[in-house]
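Below: the structure, in structure tokens.
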Amino acid sequence: MTKVIRINRVGGPEVMELVDVDLAPPGPGEAQVRHGAIGLNFIDVYFRTGLYPQPLPGGLGMEGAGTVEAVGEGVTEVKVGDRVAYAGRPNGAYAEARNMPASQLLVLPEKIGFDTAAAMMLQGLTVQYLLHRTVHLKAGDTILFHAAAGGVGLIACQWAKVLGVTLIGTVGSDEKAALATENGADHVINYNRENFTERVREITGGKGVCAVYDSIGKDTFTASLDCLAPLGTMVSFGNASGPVPPFALSELANRGSLFITRPSLGAYMATREDLEAAAKSLFGVVNSGAVKIDVRQRYNLADVAQAHIDLEARKTTGSTIILP
């Protein structure tokens, strides 16, 4: 028997139940992974609450790292004994072990342990495509990155430094401001004390930024548009405060012919070629030490409800993992 988290209905953290299941052998194209660590991400909350729908009953969790225990027919990407990690659908990483499509598994470099891997795959691959593909940033560019002290934010602060990009980060406390600064943010704005739009204009001499990366959603969307320079890009990649409400496209024209995009990991990692290229880029900056993955919270699988409570209350910083 294998312990897994299941939800039979959407709702608060209490809908997550720890149950025992019989784990079937991997099918064709699948590999069975015994988890060493599991990643916690805000997208898990979206699925739990029903903001992002999925068939029920179902699992949660999109990121994990562990050892391949068995492979199904036709699997060529990994073999038994490989240390692997993954990020993306299908949901179900909140488990001691699971079967995964082998095409989504990546063999880990020796220097990267399970805790680091589970904390960095979804967040690190997200930063990779945001900074390298969603907007083609170049040295000297200035960007605004919301939630700069979160798991994605801290990786972005460091990676922006590698690219020679000036990053302005927003945070909700002095403690988080210090953390973002330590990880390479050039300017940090505490949105509970300062108007971040006004501060961005001050920092940029009135020019605005070339891109805003916003995982907050409803609470920051309109003000973020006002931070952009003409022809700038609004990258809305999350909804921590709720979905962005409908708005008129003329708002983009009025602010200087802005661009807007709503990217997803699944679209950017849709092919094995794209996944391997992004992973190579991520593994490279982590192995070199240019980007350090900061695991600041650990919870046992049985305590995952508390992990969600803390995440939604914005009590967490950096990356969080679940231990099976």
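Each reported figure results from applying straightforward, stated rules to the coordinates on display, with no laboratory input. Keep in mind that what you see is a predicted model, and the values were worked out from it rather than measured. In this analysis, Cβ positions are derived from the backbone assuming ideal geometry, glycine residues included, and neighbour counts consider all displayed protein chains.
3J(HN,Hα) along region 84-95, derived from phi through the Karplus expression 6.51 cos²θ - 1.76 cosθ + 1.60 where θ = phi - 60°, amounts to 9, 8, 7, 8, x, 6, x, 4, x, 6, 6, 6 Hz, with x in place of Gly and Pro. Taking 261, 170, 116 in turn, the Gaussian network model of the chain (Cα-Cα springs below 10 Å) assigns the largest fluctuation to 261. Between the alpha-carbon centers of region 46-79 and region 14-31, tell me the distance in whole angstrom. Region 46-79 and region 14-31 have Cα centres separated by 9 Å. Taking every pair of alpha-carbon atoms in region 209-324, give the share separated by more than 23 Å as a whole percent. In whole percent, the share of Cα-Cα pairs in region 209-324 beyond 23 Å is 53. Summarising the amide proton neighbourhood of residue 150: residues at separation of 5 or more, or on other chains, whose placed amide H is nearer than 5 Å comprise 318.
Extension gain for residue 89 to residue 262 (0.36 nm times residue separation, less C-alpha to C-alpha distance): 60.5 nm. In plain terms, the residue of 312, 110, 175 with the fewest other Cβ atoms within 10 Å comes first and the most crowded comes last, giving 110, 175, 312. Summing charges over neighbours of residue 183, with a neighbour being any other residue whose Cβ is under 10 Å away from its Cβ, gives 0 when K and R count +1 and D and E count -1. Near residue 70, the amide H atoms lying under 5 Å from its own belong to 32; only residues 5 or more places off or on other chains count, and H is placed 1.01 Å from N. The label point for residue 192 and the one for residue 52, both projected 7 Å from the Cα toward the Cβ, are 2.8 nm apart. Relative contact order for region 139-262: 21 percent, from Cα pairs under 8 Å spaced at least 6 residues apart, divided by residue count. Close amide H pairs (under 5 Å, H built 1.01 Å from N) link residue 259 with 232, 233, 234, residues at least 5 positions away or on another chain.
Each semi-axis of the equivalent ellipsoid for the chain is √(5λ) with λ an eigenvalue of the Cα gyration tensor; in descending order they amount to 34, 21, 18 Å. Return the aspartates and glutamates within reach of residue 111: Cα separation strictly under 15 angstrom, same-chain partners fewer than 8 residues apart disregarded; answer none if there are no such residues. Straight-line reach from residue 111, under 15 Å: 82. Summarising the label geometry, the points placed 7 Å from Cα in the beta-carbon direction at residue 73 and residue 280 lie 3.3 nm from one another. At R0 = 35 Å, how high is the FRET efficiency between residue 290 and residue 270 if r is their beta carbon distance? Nearest 0.05 is fine. The computed FRET efficiency comes out at 0.85.
Among 322, 155, sorting on how many other beta-carbon atoms sit within 10 Å of each Cβ, with the fewest leading, yields 322, 155. Given a cut-off of 27 Å, name the pairs among 292/315; 3/79; 138/315 whose C-alpha atoms lie farther apart than that in the structure shown. With Cα atoms farther than 27 Å apart: 138/315.
Each residue of region 224-234 was assigned a 3J(HN,Hα) from its phi angle through the Karplus curve 6.51 cos²θ - 1.76 cosθ + 1.60 (θ = phi - 60°); the sequence is 5, 4, 6, 8, 7, 6, x, 6, x, 10, 9 Hz, with glycine and proline shown as x.
Based on the reciprocal of the average 1/r between different C-alpha atoms, the Kirkwood radius for region 139-262 equals 14.2 Å. As a proxy for reagent exposure, 210, 157 were ordered by neighbouring Cβ count within 10 angstrom, fewest first; the result is 210, 157.
Hey, what number do you get for the chain at 222 nm if only DSSP H runs of n ≥ 4 count, each worth -39500 (n - 2.57), divided across all residues, to the nearest 500? Calculated at 222 nm, the ellipticity per residue is -8000 deg cm²/dmol.
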